[in-house]
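Novice: Below is the structure I would like to discuss, written out as structure tokens.
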Amino acid sequence: MDFQPVLKLSEIIENKACLTVFEGREILVGVTNKGYFAIENKCSHQGKPLTGGRIRHGHISCPVHGVRFNLETGAAVGKLTNKPIKIYRARANEDWLEVCEISA
Amino acid sequence: MTTLDNDNDRPQRLQRPELRGDPITATRYTSRDYFASELDNVWRRTWNIAGMAYQAPEEGDYLVAEVGPESVIVVRRADGSFNGYLNVCPHRGARVAEGPYGFADRFVCPYHGWQFDLDGRVVDLPDPQDFKRGNPCSKLGLEAVVVTELFGMVWFNIDRDCGSLEDYLGATIVEEISGYHIEEMVRVLDMTAETECNWKILTDNFNEAYHLQVVHPQLVPFIESQGDFSQIDLMPNGHNRGWFASYQPSALHEGPVVEPLPSLLAEWGVAVPENPSSEVLRQLRKDVQDKKRELGAERGFDHYAYLKNYQLTDYVIYNIFPNSVITVGPEGVQLLRPRPHATDPAQCLFDHWWLVPKIGGRTHTPSPSGGPDLPVEDAEHEYFAYGEQSLGETADQDLSIGALQQQGLGSVGFKQFYLSEQEIRLQNFHERLDDYMRRDAN
């Protein structure tokens, strides 16, 4: 799999998740003090979008029930679910944030 | 002998209230009936800390606090104040919000999707027309609790008829702790440990320094726990304060000066002379206070400007009834807090926080847990069982007595406590507990 550009870096603000599309699926991308991230825009608890979820301590909180997901691993924190969300590799390349599937 | 009457040299002595001498027996530590009654009579009627206010900076940011079987949500509102609710859906009782923190434009119950605005009202739900008793919107809501922000912390009381937190704590505690400006600090350690004892075994432990020489021998070379350079004061409502001078050996210390005292002194350019007399040793603490005044600001210790002389060197412990133990020292503030278990009198949850001021240019701070220096940034919460991981050397030592005392209190061989004068804060605490249990407390 190859990296594909998905968003201009100039549109990214630290600890804010930006909605974009990769391979026809909605994803959230952004940057924290731990680096760039790209995750699927779907909570593994009840399937709602994570759009608008606030980012603290390298985790995004689902805006519906507050399930938190580690942006580096996709792992869920808390009692509501232990199912991770899908994550992608993310990197900066010149002016663009690029995303790539993680090969199995 | 040095006189210590100056207000700057130690906390002002407080008039000691009369104690009744109530017997303290094991029932309160072991009985399930007592535990259930305590939930109603104490935990649902007293003030507790939900978390640091800075953890919830924006509208909709919330913290979830658990005390016994109760879970409380405190949420930041648009005007900057906090609302608080019992974390219970009025539909069929599910928890609405998950802790320890998060944010919500609306709280949404994970079970049937009832939605609550930040004022706690039901504002939307599936099939609202399906309720014979009427549409829950505008009719039902989350049960409110009382919330106040003080010392940079969010406090709550489940009793909606409680008085103000400031009246509950009293002017001495409010003024003295406010002087440390905890609201400008950052919590660099945030741990919770499941512990095999009743919560009061740990508050009792923090209510006396008699155990220090036995359980914490490493403190004796540089912290006083006895004699002229310590002081305990009882306060109304079961609170108390203990003052323990540092930067000098305890009266219990024998032999030459040993670490960490020389290093602590050297950091401020104070050296230990050869064969010092006890008077000379007492003066070292005053020398450090002078040096901190002189050099503190240029070294980035801006918070020293707030502090009285004794606060520049000494430790003061404020035991706030029932369980909020706040220890303040010159370089930071600890919360040492046992919380009751949801159902079992023989277990509790022990919280250990370490808050430090932001000192110019410093990115790391020594860890009270004995590990590597901690980054000066808000710490992620760590949750584990006692023994799985260190809570810090001193806290580990304190918790090491938990299970063994809990077990002993379950024996027919134990009658009642036999307390020394230096354990009088326990007596004050337990008599207030007795008041609450008889519902005599205000």
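The values are calculated or read from the model by the stated rules, or taken from the named source; none is laboratory data. The structure presented is a predicted model; accordingly, all values stated were derived computationally and were not measured. Neighbour counts are summed over all protein chains in view; Cβ atoms, including those assigned to glycine, are modelled from backbone coordinates with ideal geometry.
Novice: Please indicate, with yes or no, whether at least one residue in segment B:75-94 is part of a loop (DSSP other than H, G, I, E, B), within 14 Å of chain A (Cβ to nearest Cβ) and surrounded by fewer than 16 Cβ atoms within 10 Å (Cβ to Cβ).
Specialist: Narrowing segment B:75-94 to residues part of a loop (DSSP other than H, G, I, E, B): B:77-81, B:87-94.
If we keep only those that are within 14 Å of chain A (Cβ to nearest Cβ) too, we end up with B:87, B:89, B:94.
Filter once more, so that each one left must be surrounded by fewer than 16 Cβ atoms within 10 Å (Cβ to Cβ): B:94.
For segment B:75-94, residues part of a loop (DSSP other than H, G, I, E, B), within 14 Å of chain A (Cβ to nearest Cβ) and surrounded by fewer than 16 Cβ atoms within 10 Å (Cβ to Cβ): present.
Novice: Let me ask something additional. Exactly one of these conditions fails for B:Gly102: (1) in a loop (DSSP other than H, G, I, E, B); (2) within 13 Å of chain A (Cβ to nearest Cβ). Give me its number.
Specialist: (1)
Novice: Name the residues in segment A:79-104 that are hydrophobic (A, V, I, L, M, F, W, C), surrounded by fewer than 16 Cβ atoms within 10 Å (Cβ to Cβ) and more than 16 Å from the chain's Cα centre (by Cα), would you?
Specialist: Of everything in segment A:79-104, just one residue is hydrophobic (A, V, I, L, M, F, W, C), surrounded by fewer than 16 Cβ atoms within 10 Å (Cβ to Cβ) and more than 16 Å from the chain's Cα centre (by Cα), namely A:Ala104.
Novice: What is the one condition in (1) closer than 21 Å to B:Tyr310 by Cα; (2) surrounded by fewer than 20 Cβ atoms within 10 Å (Cβ to Cβ); (3) more than 16 Å from the chain's Cα centre (by Cα) that B:Val174 does not satisfy?
Specialist: Of the numbered conditions (1) closer than 21 Å to B:Tyr310 by Cα; (2) surrounded by fewer than 20 Cβ atoms within 10 Å (Cβ to Cβ); (3) more than 16 Å from the chain's Cα centre (by Cα), the odd one out for B:Val174 is (3).
Novice: Sticking with this one: Out of (1) in a loop (DSSP other than H, G, I, E, B); (2) more than 9 Å from chain B (Cβ to nearest Cβ); (3) out of contact with any Phe, Trp or Tyr (no Cβ under 8 Å at 6 or more places or on another chain); (4) not small (Gly, Ala, Ser), the odd one out for A:Glu72 is which?
Specialist: Against the list (1) in a loop (DSSP other than H, G, I, E, B); (2) more than 9 Å from chain B (Cβ to nearest Cβ); (3) out of contact with any Phe, Trp or Tyr (no Cβ under 8 Å at 6 or more places or on another chain); (4) not small (Gly, Ala, Ser), A:Glu72 comes up short only on (3).
Novice: Within segment B:375-410, which residues are in a loop (DSSP other than H, G, I, E, B) and either among the aromatic types (Phe, Trp, Tyr) or touching a Lys or Arg at 6+ places or on another chain (Cβ under 7 Å) (or both)?
Specialist: Matches in segment B:375-410: B:Val376, B:Asp378, B:Ala379.
Novice: Quick check on my filter: what residues within segment B:292-315 are among the charged types (D, E, K, R), over 16 Å from B:Pro221 (Cα atoms) and either in a loop (DSSP other than H, G, I, E, B) or touching a Gly at 6+ places or on another chain (Cβ under 6 Å) (or both)?
Specialist: Looking only at segment B:292-315, we keep the residues that are among the charged types (D, E, K, R), and these are B:292-294, B:298-299, B:302, B:308, B:314.
Now restrict to residues that are over 16 Å from B:Pro221 (Cα atoms): B:292-294, B:298-299, B:302, B:308.
Scanning segment B:292-315 gives B:Glu298, B:Arg299, B:Lys308.
Novice: Continuing with the same structure: Hey, among the residues in segment B:108-123 that are outside any strand (DSSP E or B) and hydrophobic (A, V, I, L, M, F, W, C), which one's surrounded by the most Cβ atoms within 10 Å (Cβ to Cβ)?
Specialist: B:Trp114
Novice: Related question: If we keep just the residues of segment A:43-57 that are outside any strand (DSSP E or B) and buried (at least 18 other Cβ atoms within 10 Å of the Cβ), which is farthest from the chain's Cα centre (by Cα)?
Specialist: A:His45
Novice: Need at least 3 residues that are closer than 25 Å to B:Phe384 by Cβ and not β-branched (Val, Ile, Thr) per element, so show me which helices (runs of 4 or more DSSP H) inside segment B:155-250 make the cut, counting only ones lying wholly within it.
Specialist: B:199-206
Novice: Still on this structure, I have one more. Could you run through segment B:251-268 and say how many residues are in contact (Cβ under 8 Å) with a residue 24 or more places away in the chain and either assigned to a helix (DSSP H, G or I) or closer than 15 Å to B:Leu312 by Cα (or both)? Even if it seems obvious, please write down each step before you answer.
Specialist: Applying the first criterion (in contact (Cβ under 8 Å) with a residue 24 or more places away in the chain) to segment B:251-268 yields B:251-253, B:257-261, B:264, B:268.
From what is left, the residues that are either assigned to a helix (DSSP H, G or I) or closer than 15 Å to B:Leu312 by Cα (or both) are B:261, B:264, B:268.
Residues flagged as in contact (Cβ under 8 Å) with a residue 24 or more places away in the chain and either assigned to a helix (DSSP H, G or I) or closer than 15 Å to B:Leu312 by Cα (or both) within segment B:251-268 amount to 3.
Novice: Looking at (1) in contact with a helix residue (DSSP H, G or I) (Cβ under 6 Å, 6 or more places away or on another chain); (2) charged (D, E, K, R); (3) buried (at least 18 other Cβ atoms within 10 Å of the Cβ), which one does B:Asp22 not meet, given that it meets all the others?
Specialist: (3)
Residue-by-condition table, conditions (1) modelled with pLDDT of 95 or more; (2) among the acidic types (Asp, Glu); (3) crowded, with 17+ Cβ neighbours inside 10 Å:
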site	(1), (2), (3)
B:Val328	yes, no, yes
B:His341	yes, no, yes
B:Ala346	yes, no, yes
B:Lys358	no, no, no
B:Asp373	no, yes, no
B:Phe384	yes, no, no
B:Gln389	no, no, no
B:Ser400	no, no, no
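Novice: Would you confirm, using the coordinates I've provided, whether A:Val31 is assigned to a strand (DSSP E or B), more than 24 Å from B:Glu59 (Cα to Cα) and either within 14 Å of another protein chain (Cβ to nearest Cβ) or in contact with a Phe, Trp or Tyr (Cβ under 8 Å, 6 or more places away or on another chain) (or both)?
Specialist: no
Novice: With respect to the numbered conditions (1) touching a Pro at 6+ places or on another chain (Cβ under 8 Å); (2) away from chain A (no Cβ under 14 Å), which one is the sole condition not fulfilled by B:Trp114?
Specialist: (2)
Novice: Between a residue in segment A:49-65 that is facing chain B (nearest Cβ under 7 Å) and any residue that is buried (at least 18 other Cβ atoms within 10 Å of the Cβ) and among the hydroxyl-bearing types (Ser, Thr, Tyr), which pairs come within a Cβ distance under 6 Å, given they are 6 or more apart or on different chains?
Specialist: A:Arg54/A:Ser61
Novice: Right, next: Identify all residues within segment A:4-37 that are among the small types (Gly, Ala, Ser), in contact with a Lys or Arg (Cβ under 9 Å, 6 or more places away or on another chain) and either surrounded by fewer than 18 Cβ atoms within 10 Å (Cβ to Cβ) or within 18 Å of A:Val77 (Cα to Cα) (or both); write none if there are none.
Specialist: Result: A:Gly35, single match.
Novice: Just for segment A:77-103: of the residues that are modelled with pLDDT under 95 and within 22 Å of B:Val108 (Cα to Cα), which one is farthest from the other protein chains (Cβ to nearest Cβ)?
Specialist: Here the answer is A:Asn82.
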